[in-house]
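The values are calculated or read from the model by the stated rules, or taken from the named source; none is laboratory data. Owing to the predicted nature of the structure, the values given are computational and were not obtained by experimental measurement. No Cβ is skipped: glycine too gets one built from the backbone with ideal geometry, and neighbour counts run over all protein chains shown. Ligands, DNA and RNA are stripped out before the accessible areas are found, and what is left, the full protein with its side chains, is counted by its heavy atoms. Shrake-Rupley method; radii C 1.70, N 1.55, O 1.52, S 1.80 Å.
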Amino acid sequence: MLKDDCIFCKIIKGEIPSQKVYEDGKMLVFKDIEPKAKVHLLAVAKTHFKLLSEMNGGDAELLKYMLCKIPGIAAENGCNNGYRLIINQGADAGQTVFHLHIHILGGETLPW
Ligand code: AMP
Ligand code: ZN
């Protein structure tokens, strides 16, 4: 389920430190190490999916679960006036970590 050479799997296992803001049995949310907005969180599933395109219909239940949890987590972390969710898929989108993650950006008026 988790991959030994994946940085986000290592964060999930506690092998690399992170600033966790939410955790349950299925997902972890932590602060991005290079924030692109006043609030920049990353939500990851506790299962290793490389890309959005790797998910099948059953896996997508996990995404649905995460999307339903995110509004509460965002509100508790200073995104009271809105936020933006981003999933980068592959090279053209600039994906650098190949463990599916949802960026949560907010805490200020976003420039675009
Ligand atoms: P992406 O370009 O969508 O693959 O985004 C990867 C994100 O992971 C970037 O915004 C990085 O700043 C962030 N990141 C990389 N390593 C870490 C880490 N150890 N802890 C927290 N965030 C990280
Ligand atoms: Zn992983």
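See the values below:
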quantity: Cβ charges +1 (Lys, Arg) and -1 (Asp, Glu), total dipole of the stretch 9-112, debye; calculated: 120
quantity: Surface share of carbon and sulfur [accessible, 1.4 angstrom probe, percent] for the stretch 1-77; calculated: 54
quantity: Rg [Å, one decimal], Dmax [Å, integer] - the chain, C-alpha atoms; calculated: 13.4, 38
quantity: Residue-count net charge about Ser18 - beta-carbon cut-off 15 Å; Lys, Arg +1, Asp, Glu -1; calculated: +1
quantity: Residue-count net charge about Ile102 - beta-carbon cut-off 11 Å; Lys, Arg +1, Asp, Glu -1; calculated: +2
quantity: Computed label-point distance, nm, for sites Leu51 and Leu67 using a 7 Å Cα→Cβ extension; calculated: 2.0
quantity: Net charge contributed by nearby residues that have their C-beta within less than 9 Å of Met27 (K/R +1, D/E -1); calculated: +1
quantity: Cys residues of the chain counted as unpaired, since no other Cys beta-carbon is under 4.7 Å; calculated: Cys68, Cys79
quantity: Efficiency of FRET from Cβ geometry, Glu15 and Lys38, R₀ 30 Å, rounded to 0.05; calculated: 0.55
quantity: Stretchable slack from Ala91 to Glu108, in nm (0.36 nm times residue separation minus alpha-carbon distance); calculated: 3.3 nm
quantity: Heavy-atom accessible area per residue - the chain, 1.4 Å, Å²; calculated: 58
quantity: Sites Phe98 and Ala75 - FRET efficiency at Förster radius 41 Å, r taken between beta-carbons, to 0.05; calculated: 0.90
